[in-house]
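Report on the following structure.
What follows draws every value from the coordinates through simple rules; no lab data is involved. This is a predicted model, so every value here is computed, not measured. We place every Cβ from the backbone using ideal geometry, glycine too, and count neighbours over all the protein chains shown.
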Amino acid sequence: MKNIAIIYFSGSGHTALMAEAVKSGASSVAGVDVSLIPIEGKDIVEGRYTNNEVLTQLTAADAIIFGTPTYMAGPSAQFKAFADATGMIWFQRGWRNKIAGGFTHSGSPSGDKVVTLNYLSALAAQQAMIWVNFPEIPSFNFGKDDGLNRFGFYTGAAGATPMNPGAPAKVDAGDLLTAETYGRHLAEVTLRFNAAPAQA
């Protein structure tokens, strides 16, 4: 059994719904166990992320999927605090050769989400991880507009919900399908990569 950890921050609940869809997709693949790990405000003290149990859990995983809303053209401050706390893991190469992926959500179709996805992939690169891109082109190109990858992002999965402060979190069905598809793909890649014989 291979372990996949989804570490994410969600401010208004939209990214949490994306995370749950990623988990649903990954969990549909036999041979993986998937954990959702929210980044919580109580774990950030004076701007520093302090939950060492989570960092230990992530280090034990075979794959890590990062999730954050896009705020002001980048990842949330809460996610960045978590990322900054992985410095010693970086130094020790603790996540080397783990599978990695990422997803984001914003309040507009673009919202400069590509900046956030590029940040997440660069974080994985610094950690010597193996980044997995989104595998599918927008489905409307084939005349079946189910909303899969409706914004055409390939570095990871992305969604958008028009801003409506105070309203319950709701994510477009196509974006949830995109997140689910990405989770399934990440799980399949994790199994494929970890099934390869070790090099002598």
| request: Please report the base-10 log of the normalised intensity I(q)/I(0) for segment 1-49, using a Debye sum with one equal scatterer per alpha carbon and no solvent, at each q in 0.18, 0.21, 0.26 (1/Å). | output: -0.61, -0.74, -0.93
| field | Per-pair calculated FRET efficiency, R0 = 22 Å: residue 27 and residue 52 via Cβ, rounded to 0.05 | value | 0.25
| field | Sequence-distant residues sharing a close amide H with residue 105 (under 5 Å, placed H) | value | 68, 70, 159
| field | Taking all pairs of distinct alpha-carbon atoms in segment 116-177, Kirkwood radius in angstrom | value | 13.4 Å
| message | Calculate log10 I(q)/I(0) of the chain for q = 0.09, 0.11, 0.12, 0.13 Å⁻¹, where I(q) comes from the Debye formula with a single equal point scatterer on each Cα and nothing for solvent. | response | -0.31, -0.46, -0.55, -0.65
| query | residue 80: which lysines have alpha carbons under 30 Å from its alpha carbon, excluding same-chain residues fewer than 8 sequence positions away? | reply | 2, 23, 42, 98, 113, 170
| query | What are the residues whose amide H is under 5 Å from the amide H of residue 130, where those residues sit 5 or more places off or on another chain and H is modelled from the backbone? | reply | 97, 98, 99, 100
| Mind checking which of 155, 15, 116 has the largest fluctuation in a GNM of the chain, springs on alpha carbons under 10 Å? | 155
| said: List the residues, sorted by chain then number, that are 5 or more residues from residue 10 or on another chain and whose placed amide H is less than 5 Å from its amide H. | reply: 39
| query | Which loop-located GluC sites (Glu not before Pro) does segment 4-58 contain, where loop means any DSSP state but H, G, I, E or B and the Cβ has at most 13 other Cβ atoms within 10 Å? | reply | 40, 46
